1. Which trypsin sites (Lys or Arg not before Pro) in the range 26-130 pass both tests, a DSSP loop state and at most 12 other beta-carbon atoms within 10 Å?
2. Would you mind putting 170-176, 205-211, 37-43 in packing order, based on average other-beta-carbon counts within 10 Å, highest first?
3. For the range 59-117, build the charge dipole from Cβ charges (+1 Lys, Arg; -1 Asp, Glu) around the Cα centre, then report which of 111, 86, 59 sits farthest towards its positive end.
4. Using the alpha-carbon atoms, what tilt in degrees (0 to 90, nearest 10) does helix 195-208 show relative to the longest principal axis of the chain?
5. Mean shadow of the range 59-117, computed from the convex hull of its alpha carbons, in nm²?
6. Give me the mean projected area, in nm² to one decimal, of the convex hull enclosing the Cα positions of the chain.
7. Find the percent of Cα-Cα distances in the range 128-230 that exceed 20 Å, and round it to a whole number.
8. Take peptides 178-184, 270-276, 6-12 and line them up by average Cβ neighbours within 10 Å, highest first, as a rough protection proxy.
Amino acid sequence: MPVQVTVISGKGGTGKTTVTASLGMFFNHPTFADCDVDASNLHLLLKPEVKEKKPYSGHKFPVVDESACVACGACETYCRFNAVSMREHAAIDPTACEACGVCVAVCPAGAISLVERPCGEVYVSDTAYGPMVHARLDPGVGTAGKLVTMVREEAIKVAGEDGIVLIDGPPGIGCPVIASLAGADIALLVVEPTVSGYSDFKRAMEVVRRFKARPCVCINKYDLNEPYSKMIESYCGQSGVPVIGKIPYERKIFDCLSQGRIPVSCAGKEIRGLYRQMYDNLYKLIEKVRSENQ
């Protein structure tokens, strides 16, 4: 199995995608997996060229057989999401429907059935730095966790037995994050030194502890609030979690990102050196994982 490194955080906007793309430039042809399927943006930096598309149908939707519908109104009565309206026959609002299936259960004529429908796509692409697996999920579809699993499993196939999979995980601690951590060997938590950043980081760490993934930490924009950076380092020290990198709040990084460029390629030697140091520390953890798996 390839070594899987999942980059997560407790909240959005901490810099997960920037860190994932920047670290990827130091690896030898890693496989990237963008598992933030609700709002993917790793493609903005890696500029993938799509080679293969696969439909995703992880969502079932009730379909009415108009010829069989007797317009009794039972489905409208029992729907708790106000997704059904009665006209000449039952009509279902796809934006309100939660696909719970109660309408199927109560229909006396058997006129409603749950049918899988396409609600996204999975892409296998090439980039200048290695293959990439990413996805698109239709707005409002609530099966992000299942799509994350599909992306991750496809990335494992692409990476091969001895490869590295860099997973750009979703924010928060919900189902998509859990799906991105399943099977991960290393969890790299990107945290910013703010009140909410620190609080959400600790919640994310609790989630990581429930998996076999080995945790490590990057403090991004560490000089924004150095007292909080010290609190994070102290927490990590007490928990036995290594801080493998500290990236400053640097205008050059944002200039690179606004141009769609990876910071290590254009933000100067100092920034590149800090990311290189983080990569070196991360690679030591990867070597430990490999030696344990032998």
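1. On the way: sites: 51, 53, 60, 80, 87; in loops: 80, 87.
Of the trypsin sites (Lys or Arg not before Pro), the ones in loops of the range 26-130 whose Cβ has at most 12 other Cβ atoms within 10 Å are 80, 87.
2. Details: 170-176: 19.6, 205-211: 15.7, 37-43: 18.0.
By packing density, highest mean first, the sequence is 170-176, 37-43, 205-211.
3. Final value for the positive-end residue is 59.
4. Between helix and principal axis, roughly 80 degrees.
5. The orientation-averaged projected area of the Cα hull of the range 59-117 comes to 3.5 nm².
6. Details: hull surface 71.2 nm².
If I average the Cα hull's projected area over directions, I get 17.8 nm².
7. Details: 2459 of 5253 pairs.
Result for the distance tail: 47 percent.
8. Working: 178-184: 21.3, 270-276: 17.0, 6-12: 24.3.
Ranking, from highest mean packing down: 6-12, 178-184, 270-276.
A short reminder: the numbers here are calculations on the coordinates, not readings from a lab. From a predicted model like this one, the values you see are computed outputs, not experimental measurements. Backbone-built Cβ (ideal geometry, glycine too); neighbour counts: all protein chains shown.
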